[in-house]
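Have a look at the structure below before the remarks.
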Amino acid sequence: MDSAQKIVLSMQTAAKIAGLSIPSAHAVRQIIGISLKPAIMQLFEIYDEKIADQIVRHYKQAYTDNHHIPSPLFDGVIPLLDSLKSQQRLLAVATGKARKGLNNAWLESGTREYFVSSRCADEAMSKPEPDMLKQILEELRLTPSDAVMIGDTSHDMSMAEKIGMDRIGVSYGVHAPHQLAHHSPISIIDSPIELLEHLN
């Protein structure tokens, strides 16, 4: 889902409420994918957890208030998911969203049925640590060599790289291709349907 605009605007609103310098869209996009509190501490260079907690609350309220901003699926995602499901691929989600956020995203997009496992920011260590991937692999009784991580941030690529899992970068997300390439992905794709070529 393309939720970058909503995340950027919500983070900028949180900064304004907190009386902090408003970060650029580019700066916010760099921390997308990291769990919320660590992301805020990194973005604003804050080391006081109480202040960070306040900004977290401001962000969550702003995100709720911005419900009118759409987070559409990228073109071609549903045909991709249908194809992968027909091939009996096991699909899982490792996300910087909290469980509530993922459930809401699944509800909004109608894609819950495609996924057999998931780990969220409130259930594991934040990206780029590979804890989410390790938990998913353990649950599904797989090894890193059995799986591939598909992601649009350097945090996704890094977490997979740390456990020797193959990875494919997505150029149409929030991080630039050169940032993804730093972690030696198998490939960097420019549209969802291209993924099928690499998996097949």
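Taking first residues from the range 36-61 that are in contact (Cβ under 8 Å) with a residue 60 or more places away in the chain and partners that are of a type outside the set (S, T, N, Q) and open to solvent by 100 Å² or more (accessible area, probe 1.4 Å), no Cβ contact under 7 Å between residues at least 6 apart in sequence or on separate chains turns up.
Counting only residues that are touching a Leu at 6+ places or on another chain (Cβ under 9 Å), assigned to a helix (DSSP H, G or I) and surrounded by fewer than 19 Cβ atoms within 10 Å (Cβ to Cβ), the range 26-67 holds 3 of them.
Strands (runs of 3 or more DSSP E) fully within the range 104-170 that include at least 1 residues being among the aliphatic types (A, V, I, L, M): 148-151, 166-170. Taking the conditions (1) modelled with pLDDT under 95; (2) open to solvent by less than 60 Å² (accessible area, probe 1.4 Å) in turn, residue 75 satisfies each one other than (2).
Scanning the range 129-149 finds no residues that are surrounded by 14 or more Cβ atoms within 10 Å (Cβ to Cβ), over 23 Å from residue 199 (Cα atoms) and touching a residue at least 60 places away in the same chain (Cβ under 8 Å). Residue count for the range 95-128 under the criterion of being open to solvent by 60 Å² or more (accessible area, probe 1.4 Å) and polar (S, T, N, Q): the result is 2.
When you go through 158, 109 one by one, which is the residue that is out of contact with any strand residue (DSSP E or B) (no Cβ under 8 Å at 6 or more places or on another chain), touching a residue at least 40 places away in the same chain (Cβ under 8 Å) and of a type outside the set (Asp, Glu)? The conditions single out 109.
In the range 39-58 there is no residue that is basic (Lys, Arg), within 20 Å of residue 5 (Cα to Cα) and at pLDDT below 95. When the range 163-180 is limited to residues that are of a type outside the set (S, T, N, Q), surrounded by fewer than 18 Cβ atoms within 10 Å (Cβ to Cβ) and within 17 Å of the chain's Cα centre (by Cα), the one that is nearest to residue 83 (Cα to Cα) turns out to be 172.
The values are calculated or read from the model by the stated rules, or taken from the named source; none is laboratory data. What you are looking at is a predicted structure, and each value in this text was computed from that prediction instead of being measured. All Cβ positions, glycine included, derive from the backbone under ideal geometry; neighbour counts span all protein chains shown. Protein only, heavy atoms only, side chains kept; ligands, DNA and RNA dropped before computing areas. Shrake-Rupley method; radii C 1.70, N 1.55, O 1.52, S 1.80 Å.
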